[in-house]
Amino acid sequence: MTLLSSVTGRLTAAALLVTLAAPASAQETPQAGGVANVAIQPEPPGLMLPLVQNAPTQRVAGNIFESLLRYDTDLEPMPQLAESWEISDDGLTYTFHLHPDVKWHDGEAFTSADVVFSADVFLRETNPRTRAILDHVKSIEAPDDNTVVFTLKQPFPAFIQAFEVGTLPMVPKHIYEGTDFYNNPANNHPIGTGPFEFAKWDRGSVIELGKNPDYYEAGKPYLDKIYWHVIPDAASRAAAYENGTLNIMPAGSVENFDIPRLAEMEGSCMTESGNEYFNPFAMLWLNNREGPTADKRFRQAVMYALDREFARNVLWNGLGKVPSGPFNSTLASHDDDLEPYPYDPDKAEELLDEMGYDGEPVRLLPLPYGETWTRWGEAVRQNLEDVGINVETESSDVAGWNQKISDWDYDIAFTYLFQYGDPSLGIARTYISSNIAKGSPWNNVEGYANPKVDELFANAAVENDPEKRQAMYDEVQQILHDDVPLAWIMELAQPTIYRCNVHDLITTGIGLNDGFKNAWIEQSGSND
Amino acid sequence: MSFFKRFAQNRGALGGLVILGLVVLLALLAPFLYPDSPWRMVQRPFLAPGEVSGFWLGTDVMGRDVAAGLAHGAWVSLLIGLISTVVALAIGVPLGALAGYFGGKIDDALMRFTEFFQTIPNFALAIVLVAIMEPSTVSIVLAIAIVSWPPVARLVRGEFLSIKHREYVEAARLVGQTHRDIIIKQILPNTLSPVIVLASLMVATAILLESSLSFLGLGDPDTMSWGYMIGAARTVMRQAWWLSVIPGVAILLTVLALNLVGEGLDDALNPQLARQR
């Protein structure tokens, strides 16, 4: 794809220039005041983060709710509601010392009892992903108001990565204890400890968050208000950013084709940071149960047939990375010796010949998340047809897509999944056979079952010795790389575009989902 | 004066016929001019027309040849326009004929049924139908036919009402011809001219409907069509205006040509009306 490299090279170079040039003139002392106008796409179904896990909910409600920790861009834990913490040498006891002066938005004091209630009662009931993590926990105790002790059944080194706001948000015990969690009236007016309070929500138009005046970190937050604007049409969102109505465009709110144009505008900055904890990973589910995709050679042929560099350069404007295997390359446990499948249509045809593929049509289900994904579906179909695979594209809305994948009614289907910083939190779920169950589009949907892989993932999760753990993860990556239970197509980049006078917008590996407590806006003109 | 002479008297109609002929030619030659799939990514994306020789209309957002898309899209547009019109006629003509010929309760029942469809906005109904059946060429043809047959039924009914009391029909009835024979052999042939004119306009409407559906992303995802090309290019209007303009002009010309031809047919088939104008 040498033809393409010059175009994309130009685009990335331009983007880099913008990013590098921006902060040079920045004023260093944060200024209070100002309003953030942020695009939110699509409109979240609710804001009660401990109950609703959709990506747009996490983005808005990360300002309202908090967890014990946050994570920097290297995924090292940082203090949040917990000022400090200790992990015992045997890896079984996690002790957190809470910040002493934290208050809920309604004025009640936040204490260790809230932590025990949130983790042990509320989230165990409402969040399956959190429940799976808490399965490793024997007991959660509160020896005093400001101390919480988690005791584990066996070492689980990834546990320290689980205290992110979307995974373990703190829930007010005084409001929820003993109530029906799903029908509590407070769900419409969520109460958290975060830097911003829920103010109002005009459905279909705007969500307003106001500054929390009693926030426990002195002087923060700096912004007076955050408005989250619901604008369903991508072109209108872009126009709203250009005319200054919006000053922050989170990843996904700008179509990829438009990214260079908006990023190159004067006074516009772009960053890819803030993505590290989630590592969204685009994949093609390949149905391992039936049809041609049940044959390992066919699945390998798919990997050889896909021109992933083209997709990265053209569809994603050179952002993102072609993965070498099942683990995101930014993960510490990624096996760096793994070679990505090259784009080799001849090899793909050879494999198809070898298995005796007879031209049986294969259904392709793209992800209905907008323009880029539709185009990507077209590119993948063309790649597959070029090596002689008969493809029929299906179209559906988000609900239909969820349904088809949950019911295993697909041959090849697009998806993307968060990796949550550790294989045991975000990756094992896609490959272990105990996670094969109809009804969810997020588990082992492809139906891959390999006892060796199950064993390696299970043992690695509870192995406290980093070297032994890495050896197991290396082995599992090699097995998966060869078996191709699904096709790994892209480590997605999540560019945020914002006006350069917004500072310290993204300061952690959780990005915008971590809330705007450090963000401040440089006021133009000093004669006020 | 012969049919063709009368048709040719309308200059616009002649021009329309020429344009239409070119579009048909393009559609027929598409598999020979561009034997490759129009979906194939063949060059750098966003080439302006003529920037690289061999790509005289440039390339789209993914480096696909716009000219190839235009040629293959012509085939799809014409085919869907024609087939859905034929299907709409197959629904509308019998219903209108029965209603007009028998009158009374049958007429009431059939016309209320027709009105039921007429009261629902065409395009909204087409969207719903395609969304329910899942987008494919078949579902699009069906949806377009289902929303466009009511005017046919009303037109045919009107013609039947005016013709069924003419003397030759009475005579046919008197010699004992069956209802079926009277409808098919006596009346129907005499209603054909307005139906043909209407049909030519319906093809134009069907092409527009298909383009609108594809534009909204409800086209057959495996077929390259003009509406799809505009829909896919809409978001890059600012960077590459020609990507939406070229297929847009193609739709405009084809629909215009069909309308002009329809008008010419109207003149040719109804000489009295034409002369009065």
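Taken over region A:372-478, the alpha-carbon convex hull comes to 133 cubic angstrom per residue.
Listed by number, the DSSP H helices of chain B that run 27 Å or longer by alpha-carbon position along their axis and have mean Kyte hydropathy of at least 1.6 are B:11-33, B:66-102. In region A:127-277, how does Rg compare with the Kirkwood Rh, expressed as the Rg/Rh ratio over alpha carbon atoms? Looking at region A:127-277, the ratio lands at 1.03.
Summed over all non-identical Cα pairs, the Kirkwood treatment of chain A gives a radius of 24.3 Å. Every pair of different Cα atoms in region B:41-100 enters the Kirkwood calculation, which places the hydrodynamic radius at 14.0 Å.
The coefficient of translational diffusion for region A:113-211, derived via Stokes-Einstein from the alpha carbon Kirkwood radius under 20 °C and 1.002 mPa s, stands at 142 µm²/s. Membrane-span-like helices in chain A, defined purely by DSSP H runs whose alpha carbon atoms cover 27 Å or more axially and whose average Kyte-Doolittle hydropathy reaches -1.0, are A:2-21.
Scaled against 2.2 N^0.38 Å for its residue count N, the alpha carbon radius of gyration of region B:1-53 is 1.83. Straight-distance candidates among the lysines for linking to A:LYS138, with alpha-carbon spacing under 16 Å and chain neighbours fewer than 8 residues away dropped: A:LYS153.
Each of A:HIS105, A:HIS189, B:HIS72 has some number of other Cβ atoms within 10 Å of its Cβ, and from fewest to most they run A:HIS189, A:HIS105, B:HIS72. Using the Cβ-Cβ distance between A:LYS296 and A:LYS468 with R0 = 25 Å, the FRET efficiency computed as 1/(1 + (r/R0)^6) comes to roughly 0.30.
Contact order, relative form, for chain A: 22 percent (alpha carbon pairs under 8 Å, 6 or more residues apart, mean separation divided by residue count). Pairs of Cα atoms in region A:457-528 fall into 5 Å distance bins, from 0 up to the last occupied one, in shares of 3, 12, 13, 11, 10, 12, 11, 10, 8, 4, 3, 3, 1, 0 percent. For B:VAL261, A:VAL391, the sequence from fewest to most other C-beta atoms within 10 Å is A:VAL391, B:VAL261.
With contacts taken as Cα pairs under 8 Å at a separation of at least 6 residues, region A:141-241 carries a relative contact order of 15 percent. The alpha carbons of chain B stretch over 74, 47, 31 Å along the principal axes, in descending order. Binning all Cα-Cα separations of region A:240-356 at 10 Å, short to long from zero, yields these whole-percent fractions: 11, 31, 29, 18, 9, 2.
Of the chymotrypsin sites (Phe, Trp or Tyr not before Pro) in region A:123-171, not one is in a loop by DSSP (not H, G, I, E or B) with at most 16 other beta carbons within 10 Å. At q = 0.11, 0.15, 0.18 Å⁻¹, what is the log10 ratio I(q)/I(0) for region A:278-425, with the Debye formula run over Cα points and no solvent? Taking Cα atoms of region A:278-425 as identical point scatterers yields -0.43, -0.82, -1.19. Listing B:SER200, A:SER236, A:SER268 from fewest to most neighbouring C-beta atoms within 10 Å gives A:SER236, A:SER268, B:SER200. Taking a straight line from the alpha carbon of B:LYS164, these lysines sit under 26 Å away, with near neighbours fewer than eight places off in the same chain left out: B:LYS105, B:LYS185.
Ordered from longest to shortest, the equivalent ellipsoid semi-axes for region B:195-277 are 33, 14, 7 Å, each the square root of 5 times a Cα gyration tensor eigenvalue. What aspartates and glutamates sit close enough to A:LYS211 to cross-link, taking a C-alpha to C-alpha distance under 19 Å and skipping anything fewer than 8 places away on the same chain? The qualifying aspartates and glutamates are A:GLU66, A:ASP101, A:ASP106, A:GLU108, A:GLU197, A:ASP202, A:ASP224, A:ASP504, A:ASP514, A:GLU522. Using the Cβ-Cβ distance between B:PHE123 and A:ASN188 with R0 set to 41 Å, the FRET efficiency from 1/(1 + (r/R0)^6) comes to roughly 0.65. As a size descriptor, the averaged projected area of the C-alpha convex hull of region B:137-265 was calculated at 9.8 nm². Across all C-alpha atoms in region A:434-473, the radius of gyration and Dmax reach 12.5, 37 Å. Kindly flag which residue pairs out of A:LYS321/A:LYS517; A:LYS296/A:LYS452; A:LYS321/A:LYS404; A:LYS404/A:LYS438 have an alpha-carbon separation exceeding 20 Å in this structure. Distance filter (> 20 Å) returns A:LYS321/A:LYS517; A:LYS321/A:LYS404.
FYI, it's all coordinate maths here, none of it is from the lab. The structure displayed is predicted, hence computed values, not measured ones. Backbone-built Cβ (ideal geometry, glycine too); neighbour counts: all protein chains shown.
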